[in-house]
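Notes for the one structure printed next.
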Amino acid sequence: MTVETSDDTALTRPMTDPFGRRISYLRVSVTDRCDLRCFYCMSEDMTFLPKADLLTLEELDRLCSAFIHKGVKKLRLTGGEPLVRRNVMGLVRSLSRHLKSGALNELTMTTNATQLAKYASELADCGVRRINVSLDTLDADKFRTITRWGDLDRVLAGIEAAQTAGIAVKINAVALKNMNEDEIPSLIDWAHGKGMALTLIEVMPMGEIGEGRIDQYLPLSLLRSRLAQKYTMTDLDETTGGPARYVRVAETGGTIGFITPMTHNFCESCNRVRVTCTGTLHTCLGHEDASDLRKPLRASASDEQLSDAIDRAIGLKPKGHDFIIDRRHNRPSVSRHMSVTGG
């Protein structure tokens, strides 16, 4: 599925937003579909996009390659659940050519791990060295409640397969009030015991999902103060290119990341943009901004129009998001679901 793009200088302009931030990290949703229905992410009766609206895998390859030519060094494939997209490994293998050329430093993925046992070895063969796995609980019944029908054993088998293949795994857990907040220490001990980092994430007000955001929202500032009673945590300067702030836990030797869109804005050093499976570019997770890249992508075999559209969108990237839990109206700050934007 190799797709070539022009070496013209105009097509390789580095992407710098109005605040001087160089854009080097692209997150691409390859599908809005998922085989789970986590209640903080999707409604149970989700209506997914018609296939005709989605970019083809060849178009996704060309789009990603255009961003790489313009300076993206880290590329993360997301969803929905990326591994449910038919023939997605063809896209992963094609994009791996940019790792071999040195144009791309990292090709990675966020997954729920339900399909990971099937694809872990091939992902490793394609040069994927790290993945994020979304997992909020180690209690099988609670997992089924959160995901509405998920099988925890299948996820754990996927994680084991990834580690066996030599892929480093980081666990992403959404902190949920009255659901998993008391289980966070056991998640930390389990993850660190298996050599995995753990990142905790606040609920984000995105999309109508039929649940009160107030009922789900647990401030990580509060959770961290609770954890400090059990663990000795030292702040770290390290970053993986995303929004998390990390600490080292003396008792386990592992790290915990905190992603706090609500209690602490993480925008000052934002180097990220997101593209949906329909070719819509969002320069900020917490804004309703949207730039259509599908039209210029399909308008010409050359990437000139596509490159110009990317430059225009980057030039409008806001300084930061406006996430807020709306206590008066119980409505999301952003109307689109996280599964559509790309996790």
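For the reader, a short list of remarks on this structure follows.
- Average Cα contact separation per residue, the stretch 1-130, under 8 Å, 6 or more apart, as relative contact order %: 30
- Amide H contacts under 5 Å for Met109: Leu77, Asn132, restricted to partners 5 or more places along the chain or on a different chain, H placed in the peptide plane at 1.01 Å from N.
- Using 0.36 nm per residue and subtracting the Cα-Cα separation, the extra length available between Ala52 and Asp141 on full extension is 28.4 nm.
- Put simply, the amide H of Arg272, placed in the peptide plane, has no neighbours under 5 Å, leaving out anything fewer than 5 places away on its chain.
- Cα shape, the stretch 86-147, gyration tensor, a/c 1.5 rule: prolate
- Amide H contacts of Ile23: Met15, Thr16, Asp17, each under 5 Å away and 5 or more positions distant or on a separate chain (H built 1.01 Å from N in the peptide plane; Pro and chain starts excluded).
- Contact order relative to length of the stretch 69-225, as percent, for alpha carbon pairs under 8 angstrom and 6 or more apart: 19
- Cα centroid separation, the stretch 108-174 to the stretch 31-85 (Å): 17
- Coil-residue chymotrypsin sites (Phe, Trp or Tyr not before Pro) of the stretch 38-127, DSSP, other Cβ within 10 Å capped at 16: Phe48
- Full extension of the chain between Ala301 and Ser269 gives 8.1 nm of extra length, using 0.36 nm per residue less the Cα-Cα distance.
Readers should treat all values here as calculations from the given coordinates under stated rules, not as data from a laboratory. Since this is a predicted model, take the numbers as computed values, not measurements. Positions of Cβ are generated from backbone atoms using ideal geometry, with glycine treated the same way; all protein chains shown enter the neighbour counts.
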